[in-house]
Structure formats: C-alpha cells, structure tokens
Amino acid sequence: YLKNQQASLRVFLENAAVSLDNNKSERALRIIALGRKNFLFAGHDEGAANLAILQSIVGTCLLAGVNPEDYLTDVLIRIQTWPQKDIAKLLPWNWKPAPAD
C-alpha cells in the first residue's frame, strides 16, 4: 500500500501549504453530525428544515470569514428593499456591511 501511495504521501513534503492532517475538515463535519442529531428534536419537519438552512448560512459565513450575527442582522433588514438583480452582492462571500449613518 505504501509503495502505491508514496507520491501522494510525499505531497506535504513538497508543498508547505498542505497540512499533515485533516483536523480542520473533521471539525467542520462534526458540526453537521451534531446538527443532524439535534434536528431530531426540532419538533416537526419544517422546524428541522429551518434549522438546517440556518446552519448552512452560518457555516457559509464562517468559511467566508464573516461574523454570522452581523451578516444576518444586516442582510435580513436590507433584503426587504434589495433589487433582485443584485442579490448575489448579499451572499456571504460578496457581502459588505452597510455603511454607518
């Protein structure tokens, strides 16, 4: 097995950006596994679906380096009058906080 996988196993020696382990991705998946268990107690299917959507939004914000609370607070207010053609600007990876008055 090692002979067949030697090239793949040496990648981290040649590229310092490659991690020795996958702990970061394991931690990210743990959140989903815990959520799955918590969704069992959501009360009904619609509640579980809402929790899953919220978890997806929060996870996307974290991946984009955006504070989920700030994002949701801002976007839930702005989306009411936001033009549909510009909706992509409100996605977490494109989002810019509204300027302070």
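The values are calculated or read from the model by the stated rules, or taken from the named source; none is laboratory data. Not measured: the values here are computed from a predicted model. Every residue, glycine among them, receives a Cβ derived from its backbone with ideal geometry; neighbour counts consider all protein chains shown. For the accessible areas, the whole protein counts, side chains as well, though only heavy atoms, and no ligand, DNA or RNA atoms are used. Shrake-Rupley method; radii C 1.70, N 1.55, O 1.52, S 1.80 Å.
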How many nm is it between the label spots at Lys85 and Ala7, if each spot is 7 Å from the Cα in line with the beta carbon? 5.0
Percent accessible area from carbon and sulfur atoms, the chain, protein chains only, probe 1.4 Å: 59
Probe of 1.4 angstrom, ligands and nucleic acids ignored: what's the accessible area per residue over the chain, in square angstrom? 86
CD proxy, 222 nm, the chain: helix-only mean residue ellipticity via -39,500 (n - 2.57) per DSSP H run with n ≥ 4, per residue, nearest 500, stands at -18500 deg cm²/dmol
Going highest first, how would you order 17-25, 58-66 by mean Cβ packing within 10 Å? 58-66, 17-25
Between Trp82 and residues 5 or more places away or on another chain, which pairs have amide H atoms under 5 Å apart, with H built 1.01 Å from N, and which residues are they? none
Just to be sure I understand the model, the point goes 7 Å from the Cα along the line to the Cβ. What's the resulting Asn38 to Glu69 distance in nm? 1.5
Apply the Karplus parameterisation 6.51 cos²θ - 1.76 cosθ + 1.60, with θ equal to phi minus 60°, to every residue of the stretch 52-61 and state each ³J(HN,Hα) to the nearest whole Hz, in sequence, with x for glycine and proline. 5, 5, 4, 5, 5, 5, 4, x, 5, 4
Apply the a/c threshold of 1.5 to the C-alpha gyration tensor of the chain and tell me whether it is rounded, prolate or oblate. oblate
Simple SL model, points at 7 angstrom along Cα→Cβ for Arg78 and Leu29; separation in nm is 3.4
So what's the angle, to the nearest 10 degrees on a 0 to 90 scale, between helix 23-39 and the longest Cα principal axis of the chain? 50
For the stretch 67-76, Karplus-derived ³J(HN,Hα) couplings (6.51, -1.76, 1.60; θ = phi - 60°; whole Hz; x for glycine and proline) come out as 5, x, 5, 4, 4, 5, 4, 6, 5, 5
